[in-house]
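The values are calculated or read from the model by the stated rules, or taken from the named source; none is laboratory data. Since this is a predicted model, take the numbers as computed values, not measurements. As a convention, Cβ positions derive from the backbone with ideal geometry for all residues, glycine included, and neighbour counts pool all protein chains shown.
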Amino acid sequence: MSAPAGYPRIDSHQHFTSEYLPSLLFPILKRNKFDGSVVVASRPSVEETRWLLEQAAQHDFIRAVVGWADLADPRVGETLDEYQRHPKFRGVCDWFAGEFPSCLFELTRRGLSLDVNAGFTPALVDEIRRSRSRRLRTPSGVSVRMTEREWEILQLLDEGRTTGEIAAATFVAPVTIRTHIAAIVRKLDVGDRDQALEVFRRQRAAQAS
């Protein structure tokens, strides 16, 4: 069945629309001895996911919903908070464009599943594996992922390198290093580079022990 514009799909075959509602699908499932189904969003739209959750609230045979959220949006937690108020919400589907979503591990923190529709390359899998060791917690306890360059700069700061020395070692201008350090400070929600380095040292020591 071709996908109409605007609404999610179920089991990659049946697509819900205002004309084809879940009530029409249930007899088909029952006839084929299915007790229920998991519904997965077919388009990257918060509005569609909300509509899907509304349908799930009205139909017992919809056992779980996998919706869409922008995992590159720093405020994706607010969207997930909204979704998780619905008891049938179970996870997020995404379409990767060859880049590692900065907020992917927000799903891990919440115990949510990830359904990948496209773009999940071997290189992205390798990046996910590497990034597992580049997690730090802010003083308030929020887990954040550091980029490879941010992690490298923290390691060099830990060695006592100056901004100029780090710039020379990484073949970039000192202003670029200062920009990265400012981003690290913001990401870790601390006051300056010394506090960021203390967070890095304390948590690395805890991981090694």
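Could you grab me the full set of residues in the stretch 95-111 that are more than 21 Å from residue 149 (Cα to Cα) and either at pLDDT below 80 or of a type in the set (Lys, Arg) (or both)?
Of everything in the stretch 95-111, those that are more than 21 Å from residue 149 (Cα to Cα) and either at pLDDT below 80 or of a type in the set (Lys, Arg) (or both) turn out to be 95, 96, 108, 109, 110.
Residue check: is residue 20 hydroxyl-bearing (Ser, Thr, Tyr), in contact with a strand residue (DSSP E or B) (Cβ under 6 Å, 6 or more places away or on another chain) and either over 18 Å from residue 116 (Cα atoms) or assigned by TED's automatic domain parsing to the domain that holds residue 145 (or both)?
no
Residues to consider are 76, 65; find the one that is in contact (Cβ under 8 Å) with a residue 12 or more places away in the chain and under 15 Å from residue 110 (Cα atoms).
76
Answer with yes or no whether residue 149 is under 30 Å from residue 111 (Cα atoms) and of a type in the set (D, E, K, R).
yes
Hey, any hits in the stretch 170-189 for a residue that's surrounded by 12 or more Cβ atoms within 10 Å (Cβ to Cβ), closer than 11 Å to residue 136 by Cβ and of a type in the set (Gly, Ala, Ser)?
no
For the stretch 63-94, what are the residues that are surrounded by 15 or more Cβ atoms within 10 Å (Cβ to Cβ), under 27 Å from residue 32 (Cβ atoms) and either modelled with pLDDT of 90 or more or among the acidic types (Asp, Glu) (or both)?
64, 65, 66, 67, 86, 88, 89, 90, 91
Kindly list, by first and then second residue, each pair from a residue in the stretch 88-108 that is of a type in the set (Lys, Arg) to a residue that is surrounded by 19 or more Cβ atoms within 10 Å (Cβ to Cβ) and at pLDDT 75 or above, limited to pairs with Cβ atoms under 8 Å and residues at least 6 apart or on different chains.
Sorted first by the residue in the stretch 88-108, then by its partner, the pairs are 88/53; 88/56; 88/62; 88/65; 90/65; 90/66.
Scan the stretch 182-198 for residues that are touching a residue at least 12 places away in the same chain (Cβ under 8 Å) and either touching an Asp or Glu at 6+ places or on another chain (Cβ under 9 Å) or outside any helix (DSSP H, G or I) (or both) and jot them down.
183, 184, 187, 189, 190, 197
Is it true that some residue in the stretch 41-61 is assigned to a strand (DSSP E or B), modelled with pLDDT of 85 or more and over 30 Å from residue 142 (Cβ atoms)?
no
I'd like to verify a number: residues in the stretch 117-167 that are at pLDDT 85 or above, of a type in the set (D, E, K, R) and either under 17 Å from residue 179 (Cβ atoms) or assigned to a loop (DSSP other than H, G, I, E, B) (or both), how many?
Summing the residues that are at pLDDT 85 or above, of a type in the set (D, E, K, R) and either under 17 Å from residue 179 (Cβ atoms) or assigned to a loop (DSSP other than H, G, I, E, B) (or both) in the stretch 117-167 gives 6.
Scanning the stretch 72-99 for residues that are out of contact with any helix residue (DSSP H, G or I) (no Cβ under 7 Å at 6 or more places or on another chain) and hydrophobic (A, V, I, L, M, F, W, C), which turns out farthest from residue 42 (Cα to Cα)?
Among residues in the stretch 72-99 that are out of contact with any helix residue (DSSP H, G or I) (no Cβ under 7 Å at 6 or more places or on another chain) and hydrophobic (A, V, I, L, M, F, W, C), the one farthest from residue 42 (Cα to Cα) is 72.
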